[in-house]
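**Q** Once you've had a glance at the structure underneath, I'll fire off some questions.
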Amino acid sequence: GENVEQHPSTLSVQEGDSAVIKCTYSDSASNYFPWYKQELGKRPQLIIDIRSNVGEKKDQRIAVTLNKTAKHFSLHITETQPEDSAVYFCAADTGRRALTFGSGTRLQVQP
Amino acid sequence: DVKVTQSSRYLVKRTGEKVFLECVQDMDHENMFWYRQDPGLGLRLIYFSYDVKMKEKGDIPEGYSVSREKKERFSLILESASTNQTSMYLCASSFQSQPQHFGDGTRLSIL
C-alpha cells in the first residue's frame with residue numbers, strides 16, 4: 001500500500017519568516033495530495049490540495065508543489081503569522097478515495 | 001457548509017466491552033471514512049465505505065468492524081475493546097473524488 005513520510009516533525013519559525021514542510025510518497029499511482037491543518041482540540045481542515053496533473057498551486061500565502069518523478073510534494077507558507085501555529089498533515093490518495101496521511105508537523109510561529 | 005457529526009466528544013469504556021462510535025453527515029456524501037489519530041503516527045485509516053451496505057478495509061482494520069445501513073450514517077464498532085484502542089477517532093465524508101470533511105472526533109479511553 002501507499003506510504004507517506006513527512007518532515008520535519010516539529011518546526012519553529014519567527015513571525016514573518018517562511019515555513020516549508022516536505023512529504024514523500026511511495027505509490028506512483030497516487031494522484032491527489034491534500035494538506036490539512038489541525039489546531040489544538042479541533043478537526044483537521046483542508047487548506048490546499050493538488051492533483052497529479054498540476055505541478056504547483058498557490059492560495060494567498062500558501063503554496064504546494066508536486067514533483068511526480070521524485071514522488072514528493074511540499075507545503076510552503078510565506079509571511080507566517082502566529083495563527084499559522086498548528087499541526088499540518090500531508091496525505092496522498094491512490095484513487096481509492098481514501099487517504100494515507102503523513103505523521104504530521106507541529107509548526108510554531110514565534111511572535 | 002458540510003457538517004459531519006460524531007455522537008460523542010469523549011467516551012470511557014472498559015476492556016472487553018462492545019463499543020459503538022456513530023457518525024452522521026448531512027450532505028448526501030457517498031463516501032465515509034473512519035480514522036484513528038495517535039501522536040507521532042498521524043491519521044490511520046480503519047475502514048471506509050463507498051455506499052450503503054458497502055465497506056472496505058483500510059490500513060488497520062483489526063479489532064474493528066463497521067456498519068452503513070443508511071447513506072448518512074457510518075458506525076464504527078469495537079467488538080471487544082482493548083486498552084490499545086484508546087485513541088482519538090475521526091470520521092470523514094466526501095462526495096466522489098472531492099476533499100474529505102472531518103468531524104470533531106471522539107476521544108475514546110479504554111480502561
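**Q** How much of the DSSP beta bridge set in the protein assembly as shown is antiparallel, as a percent to the nearest 5?
**A** Details: 71 of 80 bridges.
Restricted to the protein assembly as shown, the bridges split so that about 90 percent are antiparallel.
**Q** Provide the gained length on full extension for the span B:K71 to B:K3, in nm with one decimal, where the gain is 0.36 nm per separating residue minus the Cα-Cα distance.
**A** 23.1 nm
**Q** Working out 0.36 nm times the residue gap between A:K58 and A:N3, then minus their Cα-Cα distance, what length gain in nm do you get to one decimal?
**A** 17.3 nm
**Q** I'd like the distance between the alpha-carbon centres of the range A:6-39 and the range B:40-111, rounded to an integer number of Å.
**A** The range A:6-39 and the range B:40-111 have Cα centres separated by 24 Å.
**Q** Ok, one more. Quick one: what does P(r) look like for chain B with 10 Å bins over all Cα pairs, in whole %?
**A** The distribution over chain B is 16, 51, 29, 4, given as percents.
**Q** Next question, about the same structure. Give me the net charge for the shell around B:F95: Cβ to Cβ below 9 angstrom, other residues only, Lys and Arg +1, Asp and Glu -1.
**A** Result for the local shell: -2.
**Q** Calculate the all-directions average of the projected area of chain A's alpha-carbon convex hull, and give it in nm².
**A** 6.5
**Q** Starting with the fewest neighbours, write out B:I46, A:I48, B:I77 ranked by other beta-carbon atoms found within 10 Å of each beta-carbon.
**A** In increasing order of surrounding Cβ atoms, one gets B:I77, A:I48, B:I46.
**Q** Considering every pair of different Cα atoms, what Kirkwood radius, in Å, is found for the protein assembly as shown?
**A** Hydrodynamic radius (Kirkwood, Cα pairs) of the protein assembly as shown is 17.9 Å.
**Q** Place a +1 charge on the Cβ of each Lys and Arg in the protein assembly as shown and a -1 charge on the Cβ of each Asp and Glu, then give the dipole magnitude about the Cα centre in debye, rounded to the nearest 20. Intermediate values should be presented prior to the final figure.
**A** Values: 28 positive and 28 negative charges, 92 e Å.
Roughly 440 debye for the protein assembly as shown.
**Q** Report, for chain A, the % of DSSP beta bridges that are antiparallel, rounded to 5.
**A** 90
The numbers here are math on the coordinates, done by the rules we state, and not lab data. Since the model is a prediction, treat every value here as computed from it, not as a measurement. Neighbour counts are summed over all protein chains in view; Cβ atoms, including those assigned to glycine, are modelled from backbone coordinates with ideal geometry.
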